[in-house]
1. Given a Förster radius of 41 Å and the C-beta distance between residue 181 and residue 207 as r, what FRET efficiency does 1/(1 + (r/R0)^6) yield to the nearest 0.05?
2. Show me the ranking of peptides 185-198, 58-71 by mean Cβ neighbours inside 10 Å, starting with the highest.
3. For the peptides 209-215, 76-82, what is the packing order when you average, over each peptide's residues, the other Cβ atoms within 10 Å and list the highest mean first?
4. Write down, largest first, the equivalent ellipsoid semi-axes of segment 1-49 in whole Å, where each equals the square root of 5 times an eigenvalue of the alpha-carbon gyration tensor.
5. Lysines within cross-link reach of residue 161: Cα-Cα under 23 Å, excluding same-chain residues under 8 positions apart?
6. Between residue 47 and residue 158, take the C-beta separation as r, use R0 = 35 Å, and let me know the FRET efficiency to the nearest 0.05.
7. At a Förster distance of 41 Å, what's the computed FRET efficiency of residue 130 paired with residue 167, Cβ-Cβ distance as r, to 0.05?
8. Return the Rg/Rh value of segment 38-95, two decimal places, where both radii are evaluated on C-alpha atoms and Rh is the Kirkwood radius.
Amino acid sequence: MSSDFEGYEQDFAVLTAEITSKIARVPRLPPDEKKQMVANVEKQLEEARELLEQMDLEVREIPPQSRGMYSNRMRSYKQEMGKLETDFKRSRIAYSDEVRNELLGDDGNSSENQRAHLLDNTERLERSSRRLEAGYQIAVETEQIGQEMLENLSHDREKIKRARERLRETDANLGKSSRVLTGMLRRIIQNRILVVILAITLVVTILMAIIFSVRKH
């Protein structure tokens, strides 16, 4: 289950990085491209919200004793989502102001708006970089966990192979022991039969000797 959560985390990190980059590009685009970009960002924000919902459902299924770490990560992701939505709203407001200024021919605050946009873009790019680094770190940790799991599975497989070999050896030894015991039992029976035959022969010999001695007298 945690692998599903980490997969959602990676998708969320990549998606939010793309959203941040697109929000930063909105003020620099021509009006027609801006409109299309805004619609695209709205769609990706909805996808990000759906990913958060899936991650939240995954966290709820985690046992309570292991849920704390994932809950903290969910809180940071929700805060990040809130910042993205705020940045997008600001970008849309700036976009609306630019359209209005273009229609009214008002260029008095253009330099201030440009400086504000540059600052916003710098902050967004920094956040995007941090998200990409976080996504890369998650990917590295996931790869390490996968390698450890493969190593553990390999060790377990070797243990199972050794156990099977020991069972085969034990079975072979039991077969040998059974054959040895069977041979010993056969020899014991043969010896007892020989003893019985010798005893009978001895008794018959004694009886015949007694009979011959009686006849002589």
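1. 0.60
2. 58-71, 185-198
3. Most protected by this proxy first, the peptides run 76-82, 209-215.
4. Sorted largest first and rounded, they come to 28, 10, 5 Å.
5. 176
6. Working: r = 44 Å, r/R0 = 1.26.
The pair residue 47/residue 158 has a calculated efficiency of 0.20.
7. After rounding to 0.05, the efficiency reads 0.15.
8. Details: Rg = 14.1 Å, Rh = 12.7 Å.
Checking Rg against Rh, the ratio lands at 1.12.
The values are calculated or read from the model by the stated rules, or taken from the named source; none is laboratory data. Small disclaimer: the values here were computed from a predicted structure and weren't measured. Cβ sites come from the backbone with ideal geometry, for glycine too, and all protein chains shown count toward neighbours. Areas reflect the complete protein model, heavy atoms only, side chains present, ligands, DNA and RNA absent. Shrake-Rupley method; radii C 1.70, N 1.55, O 1.52, S 1.80 Å.
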